[in-house]
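J.: Pasting a structure below so you can have a look.
Where a number appears in this text, it was derived from the coordinates with a stated rule and is not lab data. Everything quoted here is computed from the prediction, not taken from an experiment. Heads up, the Cβs are rebuilt from the backbone with ideal geometry, glycines too, and the neighbour counts pull from every protein chain shown.
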Amino acid sequence: MVHGGRAASRGPSPQRVDDHVNSVVTWIDDAGSGDGPLAGVRVGVKDNIDVAGVRSTCASRFFADRVAETDAEVVRRLRAAGAAVVATLNMAEFAVGVTSQNSAAGGPRNPWDTTRVPAGSSGGSGAAVAAGIVDLALGTDTGGSVRLPASACGVTGLRPSRGAISNDGVFPVSPDFDTVGPMARTVREVADAFAVLAGPPVARTVRRIGVPDVFITADVDPAVAEVVSAAVDDLAMLGYEIVPVEVPEATSAQDVVYTAIYHDAARIHCERLDSRPDLFQPATLERISLGRGISEAERRNAADARRRFCDGLAPLFEDVDVVLTPTMPVDVPRIDGGDDVLAQSRRMGQFTYPWSLHEGPTLAVPVGFHRESGMPVGMQLTAPVGHEGALFGVGERYQAVTQWHTVRPRISTV
């Protein structure tokens with residue numbers, strides 16, 4: 001049972017690749033310490049994560065000249081583990097946006113097809129790993145901003161349990177939902193990074209994997225559904241019991257997340273909205289401005305709804321060890337798709353935003369390619385709080401018998 005038969009290819013030099021994918025904001029001269037568990041690993045960090053002495057712009061004109069004074073805690077830990085932090089990476093402005101095209105640095109592109117988005121908001125992180133510019137990247141995930149780029153770019157990405165990885169030195173979107181997450185080609189590399197950033201994961205035995213017949217919507221691109229179904233079959237062949245499940249409160253979960261995140265973002269950017277709204281990218285301004293119409297009472301109601309969602313997950317995770325869904329219900333959109341930014345955000349994030357209500361981890365894993373476009377497709381694996389080890393175990397077993405994670409995009413240097 002070995003899938004993903006296309007031969008892997010090595011891309012051109014990082015600088016030349018980045019001419020095409022526009023993922024790097026700033027190159028950093030850092031060779032690493034040469035010692036530690038991540039020695040020799042080239043790391044890029046999303047441009048909302050502070051790197052001492054380097055511009056940290058959040059892809060915004062507001063912060064065009066901002067230079068970080070100290071390393072974020074996650075950067076400090078990576079360097080202490082021997083990693084070379086070689087670049088800051090492009091993103092959606094202030095980490096608000098699922099396509100990453102609303103960037104003052106110009107939108108990053110997907111290395112599999114540079115006419116398509118790398119998703120977002122950590123689009124530069126996903127593109128940089130897929131293109132081979134870095135071995136490991138840090139993104140941030142509030143509503144799907146690690147998982148969506150991982151899926152769209154054909155790499156592995158983790159949204160950890162909330163609070164497992166430090167947010168110190170990271171510019172916020174919504175502190176109740178923000179997480180830093182590692183992205184790499186393989187589950188093993190992501191697990192190694194997690195061990196450095198959060199501590200060694202606890203090994204967990206997984207026997208039963210829950211698969212909802214309908215999560216938020218039955219309207220999933222048929223080619224996406226086919227690829228994810230094949231991954232479910234592979235997991236069944238590995239001996240996991242596949243269990244039909246229902247996720248309580250799922251139909252309203254996306255609205256709950258939007259209410260909380262937009263309210264919080266509008267509060268964080270209140271002064272900028274009042275003084276210089278013209279400096280925002282138009283798509284950023286449109287989304288953040290929605291939060292100004294959300295009352296404190298509505299924000300409290302969203303917090304209550306989140307508690308109900310989490311309470312409803314308790315019996316689900318007593319029945320199964322992991323829940324599996326597609327990461328994204330649609331094919332990777334084209335940059336010039338022309339879709340309404342809010343409608344596109346809702347559609348792309350239908351399967352990621354609900355799991356942002358959950359306190360536990362979700363791992364995005366590449367599982368194949370769309371039969372029409374040839375673009376990557378990903379699945380999400382979600383576990384209870386603190387059970388990152390369960391996700392790594394399933395993901396590593398899956399990648400041991402498949403080859404999707406080994407396939408590289410071929411990028412022309414002409």
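J.: Ranked highest first by average number of other Cβ atoms within 10 Å, how do 340-346, 384-390 line up?
T.: The packing order, highest mean first, is 384-390, 340-346.
J.: Based on the alpha-carbon gyration tensor of the stretch 159-309, what equivalent-ellipsoid semi-axes (square roots of 5 times the eigenvalues) come out, in whole Å, largest first?
T.: Semi-axes from the Cα gyration tensor: 34, 22, 16 Å.
J.: Report the Stokes-Einstein translational diffusion coefficient (µm² s⁻¹, integer) for the stretch 140-182, Rh taken as the Kirkwood radius over Cα pairs, at 10 °C with viscosity 1.306 mPa s.
T.: In µm²/s, the coefficient rounds to 151.
J.: Only bridges whose two residues both fall in the chain count here: according to DSSP, what percent of them are antiparallel, nearest 5?
T.: Bridges in the chain are about 65 percent antiparallel.
J.: Taking the Cα centroid of the stretch 38-58 and of the stretch 361-384, what is the distance between the two, rounded to the nearest whole Å?
T.: With the stretch 38-58 and the stretch 361-384 each reduced to a Cα centre, they are spaced 26 Å.
J.: Taking the Cα-to-Cβ direction at Ala314 and at Arg276 and moving 7 Å from each Cα, how far apart do the two end points lie in nm?
T.: 4.9 nm
J.: Next up: In whole percent, what relative contact order does the chain give with Cα contacts below 8 Å and a gap of six or more residues?
T.: Rounded, it is 21 percent for the chain.
J.: Rank by packing, highest mean first: peptides 22-28, 353-359, 330-336, with packing defined as the count of other Cβ atoms within 10 Å averaged across residues.
T.: Going from most to least packed, we get 353-359, 22-28, 330-336.
J.: Considering every pair of different Cα atoms, what Kirkwood radius, in Å, is found for the stretch 51-116?
T.: After inverting the pairwise mean of 1/r, the radius is 13.2 Å.
J.: Another question about this same structure. In the stretch 52-88, which residues have a backbone nitrogen under 14 Å from the label point lying 7 Å from Ser166's Cα in the Cα-to-Cβ direction?
T.: 52, 70-81
J.: Using alpha carbon centroids, what distance separates the stretch 167-227 and the stretch 282-316, in Å?
T.: If you average the Cα positions of each part, the centres end up 21 Å apart.
J.: Another question about this same structure. Computed FRET efficiency, Cβ-Cβ of Val385 and Asp213, R0 25 Å: what is it to the nearest 0.05?
T.: E between Val385 and Asp213, to the nearest 0.05, is 0.50.
J.: Okay, next question. Let me see the P(r) profile for the stretch 283-414: every Cα-Cα distance counted, bins of 5 Å, each bin given as a percent of all pairs.
T.: Spelled out bin by bin, the stretch 283-414 gives 2, 8, 13, 16, 17, 15, 13, 9, 4, 2, 1, 0 percent.
J.: Now a separate question. Output the peptides 222-232, 203-213, 120-130, 160-170 sorted from most to least packed, where packing is the average of other Cβ atoms within 10 Å over each peptide's residues.
T.: Ranked by mean Cβ neighbours within 10 Å, highest first: 120-130, 160-170, 222-232, 203-213.
J.: Follow-up question, since we're still on this one. Hey, rough spin-label estimate for Leu342 and Val243, points 7 angstrom out along Cα→Cβ, what's it come to in nanometres?
T.: 3.9 nm
J.: Ok, one more. Decide, for the stretch 11-131, between rounded, prolate and oblate: order the square roots of the alpha carbon gyration tensor eigenvalues as a ≥ b ≥ c, take rounded if a/c falls under 1.5, and otherwise choose prolate if a/b is larger than b/c, else oblate.
T.: oblate
J.: Could I ask something else about it? For the stretch 182-268, state the semi-axes of the equivalent ellipsoid (square roots of 5 times the eigenvalues of the alpha-carbon gyration tensor), sorted largest first and rounded to whole angstrom.
T.: Working through the eigenvalues yields semi-axes of 27, 24, 14 Å.
J.: Give me the number: length gained by fully extending Ala80 to Ala230, i.e. 0.36 nm times residue separation minus the C-alpha to C-alpha distance, one decimal in nm.
T.: Contour length minus the Cα-Cα distance gives 50.0 nm.
J.: Report the net charge of residues surrounding Ala314, where surrounding means a beta-carbon distance below 15 angstrom and charges are Lys +1, Arg +1, Asp -1, Glu -1.
T.: Every neighbour counted, the sum reads -4.
J.: Can I ask one more? Could you state, as a whole-number percent, how many of the C-alpha pairs of the stretch 87-156 are farther apart than 17 Å?
T.: More than 17 Å apart: 26 percent of the Cα pairs in the stretch 87-156.
J.: As an exercise, use a Förster radius of 35 Å and the Cβ-Cβ distance of Glu396 and Asp176 to find the FRET efficiency, rounded to the nearest 0.05.
T.: Working from the Cβ atoms, E equals 0.70.
J.: If a/c stays under 1.5 just call it rounded; otherwise compare a/b with b/c (prolate if a/b is bigger, oblate if not). Do that for the stretch 107-216, with a ≥ b ≥ c from the square roots of the Cα gyration tensor eigenvalues.
T.: Taking the square roots of the gyration eigenvalues as a ≥ b ≥ c, the stretch 107-216 is rounded.
J.: Just to be sure I understand: if I project the alpha-carbon convex hull of the stretch 252-330 onto a plane and average over all orientations, what area do I get in nm²?
T.: 7.0 nm²
J.: Continuing with the same structure: Between Ser252 and Arg61, what is 0.36 nm times their sequence separation minus the Cα-Cα distance? Round to one decimal in nm.
T.: 65.3 nm
J.: Could you tell me how many cubic angstrom of Cα convex hull volume the chain has per residue?
T.: That works out to 124 Å³ per residue.
J.: Which whole-number percent is the relative contact order of the stretch 203-257 (Cα, under 8 Å, 6+ apart)?
T.: 58 percent
J.: So if I place +1 on the C-beta of Lys and Arg and -1 on the C-beta of Asp and Glu, and nothing else carries charge, what would the dipole magnitude of the stretch 37-166 be about its Cα centre? I want it in debye, nearest 20.
T.: Charge dipole of the stretch 37-166: 160 debye, to the nearest 20.
J.: Taking every pair of distinct Cα atoms and averaging 1/r, then inverting, what Kirkwood hydrodynamic radius in Å comes out for the stretch 310-368?
T.: In the stretch 310-368 this quantity evaluates to 13.6 Å.
J.: Name the residue farthest towards the positive end of the dipole of the chain from the options Pro111, Thr284, Gly34, assuming +1 on Cβ of Lys and Arg, -1 on Cβ of Asp and Glu, about the Cα centre.
T.: Ranked along the dipole, the leading option is Gly34.
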